[in-house]
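Only the coordinates and a few stated rules stand behind these numbers; no lab work does. Everything numeric here is computed off the predicted structure, so don't read it as measured data. All Cβ positions, even for glycine, are placed from backbone atoms using ideal geometry, and neighbour counts span all protein chains on display.
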Amino acid sequence: MAADHGFPWLDEADKTVKRTSYYERLGAYFDASPRSTVEKLADFPKHVPNSMLARFLARYEIFKLCLEVHGAVVECGVFSGSGVMTFAHVSSILEPYNQTRTIYGFDTFEGFPHISEKDAAGSSAHLRVGGLADDSQTDVLACAAIHEDFRLLARQRQVALIKGDICKTAPAFLEENPHLVVSLLSLDCDLYEPTKAALTTFVPRMPKGAVIMFDELCLPEYPGETMALAETLGVGRLRIRRLPFTKISYAVLD
């Protein structure tokens with residue numbers, strides 16, 4: 001088993017010599033390339049780990065499912081911001097005239113605030129208070145502003161981040177935004193209590209055809225997501241599908 005090489009999103013089972021060596025070689029290749037930073041970004045498939053490219057493609061495919069469904073995108077669990085920015089990019093490309101597709105990201109930006117008993121059976125080493133902390137809020141908003149200034153139509157800022165414990169911020173947000181309709185709910189909280197709070201708060205605001213996206217469903221590392229779904233909507237009441245190239249799964253509400 002390899003040591004921690006600075007890839008905080010990986011669980012111990014993923015930190016194999018082969019995988020960490022792959023990331024390190026990609027990083028060294030990127031740093032050593034004589035091309036400019038913008039040129040490297042333009043050639044991003046050369047530099048992006050294949051697992052991250054798969055996640056990008058998964059979000060793209062899932063966003064397309066709700067393209068004609070009215071409502072906002074809500075992501076619960078922002079981490080470094082790749083999810084909200086993927087949805088922002090895809091919205092800009094596929095629906096350039098849609099000025100109402102706001103993307104809301106909920107996160108503590110300080111890691112897990114607490115671990116419930118229902119998460120305790122998980123095998124992830126990150127299941128601890130403060131686990132998977134990433135103080136990315138300012139960074140993500142700065143990135144979003146650059147892209148939003150380039151949008152074809154920009155009536156208002158598209159990406160908004162809500163900091164705090166989702167168990168508290170989600171109900172408060174709904175109370176402050178009674179107009180909210182949700183077309184896509186992306187669940188990447190990892191834990192039982194915030195996942196349950198997200199489902200309880202936002203699913204009643206989701207019309208038929210809207211999509212729920214799951215990041216840790218059926219994973220022993222984070223059993224809380226599955227348990228939260230089982231106790232709210234019920235696993236058997238949804239037609240849950242998985243994209244063949246990623247662990248990400250989804251359900252279309254009908």
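Highest-first packing order for the peptide set 143-150, 185-192 is 185-192, 143-150, based on the mean count of other beta carbon atoms within 10 Å.
Comparing 216, 176, 61 in a Gaussian network model of the chain where C-alpha atoms under 10 Å apart are linked, the largest mean-square fluctuation is found at 176. Distance from the Cα centroid of segment 36-100 to that of segment 148-191 is 16 Å (rounded to whole angstrom). When shorter helices are ignored and each DSSP H run of at least 4 residues is given -39500 (n - 2.57), the per-residue value for the chain at 222 nm works out to -11500 deg cm²/dmol. Taken about its Cα centre, segment 123-254 carries a charge dipole of roughly 560 debye when the Cβ of each Lys and Arg holds +1 and the Cβ of each Asp and Glu holds -1. Estimated at 0.36 nm per residue, the fully extended path between residue 9 and residue 52 surpasses their Cα-Cα distance by 14.3 nm. For segment 81-148, trypsin sites (Lys or Arg not before Pro) meeting the loop criterion (DSSP other than H, G, I, E, B) and having at most 15 other Cβ atoms within 10 Å: 128. Within the chain, what percent of beta bridges assigned by DSSP are antiparallel, to the nearest 5? Roughly 30 percent of the DSSP beta bridges within the chain come out antiparallel. Exposure proxy for 167, 66, 76: other Cβ atoms within 10 Å of each Cβ, ordered fewest to most, give 167, 66, 76. Annotation for residue 97 and residue 67: the two label points, set 7 Å from Cα along the Cα-Cβ direction, are 1.5 nm apart.
Between residue 152 and residue 128, the contour length at 0.36 nm per residue exceeds the alpha carbon distance by 4.4 nm. Legend: residue pairs 15/247; 18/118; 18/64; 118/168; 196/247, Cα-Cα distance threshold 23 Å; pairs beyond threshold, 18/118; 18/64.
This ranking places 100, 226, 201, 195 by how few other beta-carbon atoms lie within 10 Å of each, fewest first, which gives 100, 226, 201, 195.
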